[in-house]
1. Could you please let me know if A89 is within 14 Å of the chain's Cα centre (by Cα), closer than 14 Å to R15 by Cα and among the hydrophobic types (A, V, I, L, M, F, W, C)?
2. Could you run through region 16-68 and say how many residues are closer than 23 Å to D119 by Cβ, under 11 Å from the mean Cα position of the chain (by Cα) and among the charged types (D, E, K, R)?
3. Would it be correct to say that D22 is within 25 Å of R139 (Cα to Cα), at pLDDT below 95 and out of contact with any Ser or Thr (no Cβ under 7 Å at 6 or more places or on another chain)?
4. Any residue in region 133-158 that is under 21 Å from E174 (Cβ atoms) and aliphatic (A, V, I, L, M) sitting within a Cβ distance under 6 Å of a residue that is assigned to a helix (DSSP H, G or I) and modelled with pLDDT under 95? List the pairs, counting only those 6 or more apart or interchain.
5. Scan G109, G142, G83 and give me the residue that is buried (at least 19 other Cβ atoms within 10 Å of the Cβ) and among the small types (G, A, S).
6. Can you tell me which of Y91, Y71 is outside any helix (DSSP H, G or I) and either loosely packed, with under 13 Cβ neighbours inside 10 Å or among the hydroxyl-bearing types (S, T, Y) (or both)?
7. Assess whether V74 counts as being within 20 Å of V111 (Cβ to Cβ), touching a helix residue (DSSP H, G or I) at 6+ places or on another chain (Cβ under 8 Å) and β-branched (V, I, T).
8. Within region 14-55, which residues are assigned to a helix (DSSP H, G or I), among the basic types (K, R) and under 15 Å from N79 (Cβ atoms)?
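The values are calculated or read from the model by the stated rules, or taken from the named source; none is laboratory data. Values in this document were obtained by computation on a predicted structure and should not be read as measured data. We place every Cβ from the backbone using ideal geometry, glycine too, and count neighbours over all the protein chains shown.
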Amino acid sequence: MEARSGTHPAVFLDRDGTIMHDVMYCSDPAKVRLFNDTRDALGRLKQAGFKVFVITNQSGIGRGYFTEADYRAVEQEVNSQIGTELIDATYFCADAPDAASARRKPAPGMVFEAQRDHDLDLSRSFFVGDKRIDAQCGRNAGVRTILVESGCETHADVDHGADWKARDLTAAAEIILRHAS
């Protein structure tokens, strides 16, 4: 897929471990717990002119652990807690890890879909996540990358593959706002 230049800068966010507490294969809306800083950090990014997208692998669907309807109920709860004005769109991939997929992170397919759908300028965009595959996805899409330490992977003393590391989403937003062009 070829990237093209659009009008709007964007921030692409992983869901579990980045904007909400990681619940293994979350299929229950009652288990959605946003990090305390999520709304404020996203509000600052939106105020600075960024479009905001959630890019999430949901292999629990492909593995048969839960249904797409279960996922949609969780997505609706996330949006309800964040507020629909702070998320421009959510893209998810239901493929299991062993499936050949151009959409499943670290492949950049979902980022390119968002780019086409929303006229995004990837050269001015960022990807924030808690796992190395998030950094790889961002790099594969040609955006700058930040790994947050709020998820389940630790990034100390390893090549994490991201441009920056941040303690949480607030620190990531500060990096983005400092390096926005």
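1. The answer is yes for A89.
2. Let us first name the residues in region 16-68 that are closer than 23 Å to D119 by Cβ, namely 42-56.
Then keep just the ones that are under 11 Å from the mean Cα position of the chain (by Cα); that gives 52-56.
Next, from what is left, pick out any that are among the charged types (D, E, K, R): none.
The qualifying residues number 0.
3. Numbers: within 25 Å of R139 (Cα to Cα): yes; at pLDDT below 95: yes; out of contact with any Ser or Thr (no Cβ under 7 Å at 6 or more places or on another chain): yes.
Yes.
4. The qualifying pairs do not exist here.
5. None of the others qualify; the one that does is G109.
6. Among Y91, Y71, only Y91 is outside any helix (DSSP H, G or I) and either loosely packed, with under 13 Cβ neighbours inside 10 Å or among the hydroxyl-bearing types (S, T, Y) (or both).
7. Numbers: within 20 Å of V111 (Cβ to Cβ): no; touching a helix residue (DSSP H, G or I) at 6+ places or on another chain (Cβ under 8 Å): yes; β-branched (V, I, T): yes.
It is false that V74 is within 20 Å of V111 (Cβ to Cβ), touching a helix residue (DSSP H, G or I) at 6+ places or on another chain (Cβ under 8 Å) and β-branched (V, I, T).
8. Let us first name the residues in region 14-55 that are assigned to a helix (DSSP H, G or I), namely 29-31, 38-47.
Remaining after also requiring among the basic types (K, R): 31, 39, 44, 46.
Within region 14-55, R39, K46 qualify.
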